[in-house]
Amino acid sequence: EITSLLSLYGGQFSGEQEICVNSPFWILGIPSEEMARGLMKRTVCAKSIFELWGHGRSAGELYASLENYPMHKMLPYLQSDSTYKVHIHTFNKTLTQARKIKKIDALEFLPFKGKVNLKNPEHIFWILEDYGMDPNNVPEEPFHLYFGRWVHGQRELIESYSVKKRHFIGNTSMDACLSFIMANHGRVKPNDLVYDPFVGTGGLLISSAHFGAYVCGTDIDYNTIHGLGKASRKNQKWRGPDENIRANLRQYGLEKYYLDALVSDSSRPIWRKGMLFDAIITDPPYGIREATRRTGSQKETVKSAERSTENHVFVSSSYHLSDIFFDLLKFAAEYLVMGGRLVYWLPIYRPEYTEEIVPRHPCLRLISNCEQMLSSHTSRRLITMEKVKEFKDQDQNSYLSEGQYMPYKGHNSFREKYFSGVTKRIAKEEKDNQK
């Protein structure tokens, strides 16, 4: 998420520090404080951002680093008419109050001229200490120390968009936190056009609309699109007349960004040819709590040749998980703008998972592959891909594997078998959990 936002707002990971994904502290190089604030207004993975004044692997290194920090950058925040406080945060260790005060007193060499105000200070300075990731092997001294001025932080976004408070929900409505992470992976920005081909109750549209994008979606389920049928809330039997996707966006003051939601089969695109969407952000059904369906069946296809197409009515048939992902990538390759992103969830069975399982396409480059654990054996991966090549007719039935163009059908049976197993295993674990 942070990498995607840096590419959107500007900035990069600093060369001063080797990036360790397990560390809770990262050093970023961001051109301005305004950009840093913009990044923090969007991220849900980061808690706070600081202007780094000094850091080191020991207290001595930290103090030496602080002494070398340019004085003209410090002075605006240390004036006599200002108020401040110093806060200490230790990761993986708890310090006594006396030890915290001792560490704060050790910073007396800094030219603080203002008054201490613990309740409502103008400036907040933080000492951050990293004691590693192993709670069973906590060192006496931290591995790394940082000192800086607090710039911005936000954690209210998730709470204000909580699914518990949402007007219209379904059995598989996406968690608000994950929804915003997906929008950030998709680098959604104002005036973008964002599409969800498995829109459901529209949870993924809300996060994109919050960031100023115009949103639309399709779903094969007529009742869900029109807000009809049985309710998903406890102690409520049927959905009310005003329970729909539009009402959800209206609830958050985002109705002006809502274009429409249509009843449509994702395996049969209804859109005119061309690059239409800046981002496709979706959570395909896995066939567990939400059925995987598409229009038509083999029998109906044969019969339709004998009947007039005007009178033919498609029926619902099963839609294999591997076909869903192949159709999704093919659609993204054709309808995304250049540089546009596809973000979706891929369920996996961990003991048998390999990188080969992740579907590829010659027009799409894999940007990130992040895992969310569901159980000891199952998980799902948030796949982010970017369109890097214009779609051609020869890409119609191809995908990319091991650096070569290969026909999809050659690998269809392999993926079908794998995803069938994934669906069955996740369904079994859900039933066992319910028991």
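Just so you know, all these numbers are worked out from the coordinates, no wet-lab data involved. Because the structure is a prediction, the values reported are computed rather than measured. Every residue, glycine as well, gets a Cβ built from its backbone with ideal geometry; the counts of neighbours run over all protein chains shown.
Summary of values
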| item | result |
| --- | --- |
| Estimated vicinal HN-Hα couplings, Hz - the stretch 54-62 in sequence order (Karplus 6.51, -1.76, 1.60; Gly, Pro = x) | x, 7, x, 8, 8, 4, x, 5, 4 |
| Ordering of 154-162, 181-189, 345-353, 324-332 by packing [mean C-beta count within 10 Å, highest first] | 181-189, 324-332, 345-353, 154-162 |
| Antiparallel DSSP beta bridges within the stretch 90-246, percent to nearest 5 | 55 percent |
| Long-range amide H partners of Ser58 with built H, under 5 Å | Leu145 |
| Cα-based equivalent ellipsoid, the stretch 8-126: semi-axes from gyration tensor eigenvalues, Å | 24, 19, 16 |
| Inter-site label distance for Glu34 and Phe109 at 7 Å from Cα along Cβ, in nm | 3.6 nm |
| Packing-based order for 143-151, 50-58, 86-94, 365-373, using average beta carbon neighbours within 10 Å, highest first | 143-151, 50-58, 86-94, 365-373 |
| Per-residue ³J(HN,Hα) for the stretch 256-268, Karplus 6.51 cos²θ - 1.76 cosθ + 1.60, θ = phi - 60°, Hz, x for Gly and Pro | 5, 8, 8, 8, 4, 10, 10, 7, 7, 8, 5, 7, 10 |
| Length gained when the stretch Trp271-Phe13 is fully extended (0.36 nm per residue, less Cα-Cα span) | 88.9 nm |
| Cα gyration tensor shape for the stretch 105-209, rounded if a/c is under 1.5, else prolate or oblate | prolate |
| Point-to-point label distance, Met373-Ser58, nm (Cα→Cβ direction, 7 Å offset) | 3.6 nm |
| Order by protection proxy (mean Cβ within 10 Å, highest first), peptides 334-341, 205-212, 116-123 | 205-212, 334-341, 116-123 |
| Karplus-derived HN-Hα couplings along the stretch 381-393 (A = 6.51, B = -1.76, C = 1.60, θ = phi - 60°), whole Hz, x at Gly and Pro | 10, 7, 9, 10, 10, 10, 6, 10, 9, 5, 6, 10, 4 |
| Amide hydrogen neighbours beyond the local backbone of Phe13, cut-off 5 Å, H modeled | Gly29 |
